[in-house]
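The values are calculated or read from the model by the stated rules, or taken from the named source; none is laboratory data. Please read these numbers as outputs of a predicted model, since none were measured by experiment. In case anyone asks, the SASA skips ligands and DNA or RNA and just uses the protein heavy atoms, side chains included. Shrake-Rupley method; radii C 1.70, N 1.55, O 1.52, S 1.80 Å.
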Amino acid sequence: MGSVPAWARAYVACVALLALVCLAPLPHLRVPWGIVALLAVLYAGCERVTLPPRPRGAGVPGGETTHGMGTFLPLLLAGAFLLPPPAAALVALPGALLARVEQRPRGPRRTWRAAQLAVAVWAASRMYGALGGREALVTPDFPYALVPAGAAVLTFCAVLTVLDGGILVLAERAPVRGAWRGLFARSLAPVAVHGLAGLMMAVLWRSPYGPVAALLVLLPMYVSCWVFAQYHRERAAHQATIRALVQAVDIKDGYTRGHSERVGQASVMIARELGMRDERVEVLRFAGILHDVGKLGVPTRLLRKDGPLTPEERRIIELHPEYGHEMVRGIGFLGEARSAILHHHERLDGSGYPYGLTGSQIPEFARVVAVADAFDAMTSTRSYRRARPVPTALEELARCAGAQFDPRMVGALTRALGRHGWHPAVTADLAPAAETGMPPARPSDTVGRSAP
């Protein structure tokens, strides 16, 4: 990312100004500077720990916000429980401003990160104090402290959600209606766990055991940080494996470059419309992206042949699902995706291949990918025919539903496209069908072509 949109810069500046307003009362307060300094130094040190980044998007100035913040939240929330709101907000600044930032421009990203955290911690501390949380820490009625601590966690999550949604709209140009969707729910559970750890630190800090005992809480948090890092390294390796396979297919069959990613996207739209769990949605995305990986075993001359295929050539191309299944058989993380790669050319009426399965015998993932594959094949321009409009393609899918495609999957794609739209790219390197005089294809005609 070379630059941040002007409106996003203005938004970041406003949040930074709000953070300064939160810090303004500091000179007039009695602040335990020792606690502030210790927590700030510890948080800054934790932020320097190298973890795999989890960017929300290339255009978000704070795209790496969850990179370190999510792992070491107990330090920030302990500050919210122990300190006055302005002092608690100050704890986050050194770490956020000095943290590693992989993407450019680094200045706006660091500013956004620091301001966002300062405002959220200030709000959490204010809520905690308003509900009498600090008094509850040092009284025999300690369990009552869980109520203001829970309210502080909810406030922290709510502020981050509001600010994150705004930057997504302005920097990523996300639709206003969906920018905030799911942000609060996804952050609440992990922040609640970190909030309990932060509360434990605050209680130990105020106990006779003092700060040393409180800091021991960081040890299990560091272990969880390491596990978290290992998980994301493994996930990055999975993504690299899939990326390499897709690039190999695109190089071999240039006519359908980008087809795999679009089928993955359409498969995800169908899956979300059907209400699948996030874990299955991710695996289904892999299935859509890798559905044609078996083309690597098909002679290039057949994939790029402009004229009609002979029956023998068609039989060779129809082997690509089995080739693909063999190629990914040993990749454990693909799970159900492997069955989709093998069966995405089966038809409900039993006339598909490779095994002629019928109806519910065809795996659910394969039925999803079949619809996504045919839809993209019809709405993308190829060397042998022009792209069809989305409504026309959906009409053709509906016409073939029940015989070739699962009506449930076709209906889910139609509803999803009605809400989100579809903007396919032209993928052919050669002249479109309008110039070659070749007619548009139906989904059944794409078998044996460059996007079977």
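Averaging Cα coordinates gives a centre for segment 276-294 and one for segment 161-226; these two points are 30 Å apart. Here segment 109-183 exposes an accessible surface that is 68 percent carbon and sulfur, computed with a 1.4 Å probe and the other protein chains kept in place.
Please give the per residue accessible area of segment 135-242, computed with a probe of 1.4 Å over protein heavy atoms only, in Å².
Values: 5950 Å² over 108 residues.
Counting only protein heavy atoms, the per-residue value for segment 135-242 is 55 Å².
Computed over segment 186-333, the percent of Cα pairs more than 25 Å apart is 52.
Both numbers refer to the Cα atoms of segment 270-417; Rg and Dmax are 15.2, 43 Å. Decide, for segment 229-295, between rounded, prolate and oblate: order the square roots of the alpha carbon gyration tensor eigenvalues as a ≥ b ≥ c, take rounded if a/c falls under 1.5, and otherwise choose prolate if a/b is larger than b/c, else oblate. The shape class here is oblate. Whole-Hz Karplus values for segment 210-217 come out as x, x, 4, 5, 4, 6, 5, 4 Hz, taken residue by residue from phi with 6.51 cos²θ - 1.76 cosθ + 1.60 and θ = phi - 60°; glycine and proline positions read x. Across every pair of non-identical alpha carbons in segment 196-249, the mean reciprocal distance, once inverted, gives a Kirkwood radius of 13.7 Å.
Taking all protein chains as present, what is the carbon and sulfur share of the accessible area of segment 244-319, in % to the nearest whole number, probe 1.4 Å?
Working: 1790 of 3240 Å².
Of all accessible area on segment 244-319, carbon and sulfur atoms account for 55 percent.
Protein heavy-atom accessible surface, 1.4 Å probe, per residue over segment 322-423: 39 Å².
For segment 79-192, just say rounded, prolate or oblate: build the C-alpha gyration tensor, square-root its eigenvalues into a ≥ b ≥ c, call rounded for a/c under 1.5, and beyond that prolate if a/b exceeds b/c, oblate if not.
Working: a/c = 2.97, a/b = 1.61, b/c = 1.85.
Because a/c hits 1.5 or more and a/b fails to exceed b/c, segment 79-192 counts as oblate.
Segment 344-372 and segment 307-331 have Cα centres separated by 15 Å.
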